[in-house]
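These notes concern the structure reproduced below.
The values are calculated or read from the model by the stated rules, or taken from the named source; none is laboratory data. All values derive from a computational prediction rather than experimental measurement. So basically every Cβ, Gly included, is an ideal-geometry build from the backbone, and we count neighbours across all protein chains shown.
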Amino acid sequence: MRPADFRSDTVTQACAAMREAMATAEVGDDVLEGDPTVRRLEEAAAAWLGKEGALFVPSGTMANQVALGAWTRPGDELICQRYAHVTTFEAGAAGFLHGVQSMTVGGDDGQLDPEEVRACLRPRFIHCPPSRLLCLEQTHNWAGGVVTPLERVAALSGVAREAGLAVHLDGARLANAVVASGIPAATWCTHADSVSLCFSKGLGAPVGSVIAGDEAFLERARLVRKRLGGWMRQAGHLAAAALFALEHRVERLAEDHALARTLAERLGAVPGLATDPEAVHTNIVMVGIEDTARDAATVAAALGEHGVLVMPMGPRRLRFVTHLGVGRDELERLVRAAELVMLG
Ligand SMILES: Cc1ncc(COP(=O)(O)O)c(C=O)c1O
């Protein structure tokens, strides 16, 4: 039997219809005359995000790094949440690739306070790095897929723009925020000057992201994408999967969100595990290990022996992610395994 895989929404595999769309995609050399399917995807994604244009790139990390490269110069500083993907999980790329350092702020809840961000702004002073970019993340991965409310996003963006900073939104899981909030993507994106969106997470494509913004931004972003080796050739086969995901997979994220809420309720009833179902906004559930005799890695390994895969996130925390590859059956297998592991 295949394992019940709750490690990430990146583990999904393309369905037959998506594979058919990929196989039959009209393609060209995107670096030479252009690829018609990539162009269709970029136009559709830009329209969905309410931006002038978008560029197709292989990954969410590259989408973020293209934005950083387009907005900054070596020696600049970006401001982001303490556990933002761009500073925590991109292997130091901001410094390695662009010579940019990060000023981080905020705590475990993944939220940024506009006044704390204002306090991070550097004075124009020869000794200080110029504050250049505010990076937001919606939904926030480390904090458990939480949605920052629109008014808060607007206030944060206002503080940054007033001070002359650009605002980048890491929208790897923006589609989850759209479905959870009922607020269109374009509304969220009015508060950002560039936005990344991933198709290979909850939307279920095998690969691909876009980075979107206005034409002046895209002109710089194209150069950075080229430098990073992210301008692909007959990429229409991949773009076809992303287009299929954007057209057919957004609304169904509501099912993942409902399953995540149930998962939190069910695991919260297992002795030794702690959850907060109210804190589950989308498809990510953080579960605390209360049993002091075992850490997260030990519990994850024990669940693995029962055919349930899950990701430790810190010494006493497990992350469960729902996606189109897990449903009610996998949830029942998980609950049974968790009871056996925690009571055993
Ligand atoms: C918030 C966020 N941004 C960016 C990324 C990077 O995406 P990729 O793994 O495609 O590089 C991830 C991946 O999980 C993410 O959670």
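So here's what we get for this one:
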| read-out | value |
| --- | --- |
| Long-range neighbours under 9 Å by Cβ, at least six apart or interchain, first residue outside the structural domain of Ala337 (by TED's automatic domain parsing) within the range 298-319, second crowded, with 22+ Cβ neighbours inside 10 Å and at pLDDT below 95 | none |
| Filtered residue count, the range 50-66, keeping only those that are closer than 8 Å to Ser209 by Cβ and of a type in the set (Lys, Arg) | 0 |
| Cβ pairs under 6 Å, 6+ apart, first in the range 86-99 and aliphatic (A, V, I, L, M), second more than 10 Å from the ligand (Cβ to nearest atom) and part of a helix (DSSP H, G or I) | Ala94/Leu68 |
| The range 207-223, residues that are surrounded by fewer than 24 Cβ atoms within 10 Å (Cβ to Cβ) and either hydrophobic (A, V, I, L, M, F, W, C) or within 11 Å of the ligand (Cβ to nearest atom) (or both) | Val207, Ala216, Phe217, Leu218, Leu223 |
| Members of the range 127-174 found to be closer than 21 Å to Ala242 by Cα and part of a helix (DSSP H, G or I), listed by number | Leu174 |
| Sole exception among (1) part of a helix (DSSP H, G or I); (2) within 16 Å of the ligand (Cβ to nearest atom) for Asp9, by number | (1) |
| Condition met for Thr298 (surrounded by 15 or more Cβ atoms within 10 Å (Cβ to Cβ) and among the hydroxyl-bearing types (Ser, Thr, Tyr)) | no |
| Qualifying residue in the range 58-74 (condition: farther than 30 Å from Asp35 by Cα and more than 14 Å from the ligand (Cβ to nearest atom)) | yes |
| Checking Gly204 against (1) closer than 24 Å to Asn283 by Cα; (2) in contact (Cβ under 8 Å) with a residue 24 or more places away in the chain; (3) away from the ligand (no atom under 14 Å from the Cβ), the condition it does not meet | (3) |
| Residue that is under 25 Å from Leu174 (Cα atoms) and in contact with a Leu (Cβ under 9 Å, 6 or more places away or on another chain), where the choices are Arg261, Arg220, Arg252, Arg266 | Arg252 |
| In the range 118-153, residue nearest to the chain's Cα centre (by Cα) [restricted to those that are aliphatic (A, V, I, L, M) and away from the ligand (no atom under 16 Å from the Cβ)] | Leu150 |
| Given (1) surrounded by fewer than 24 Cβ atoms within 10 Å (Cβ to Cβ); (2) outside any helix (DSSP H, G or I); (3) over 18 Å from the mean Cα position of the chain (by Cα); (4) in contact (Cβ under 8 Å) with a residue 24 or more places away in the chain, number of the condition Gln111 does not satisfy | (3) |
| Hits in the range 78-106 (condition: crowded, with 18+ Cβ neighbours inside 10 Å and charged (D, E, K, R)) | Glu90 |
| Scan of the range 175-189 for residues that are without any contact (Cβ under 8 Å) to a residue 40 or more places away in the chain and assigned to a helix (DSSP H, G or I), ordered by number | Ser181 |
| Selection status of Gly69, under 21 Å from the mean Cα position of the chain (by Cα) and surrounded by fewer than 23 Cβ atoms within 10 Å (Cβ to Cβ) | yes |
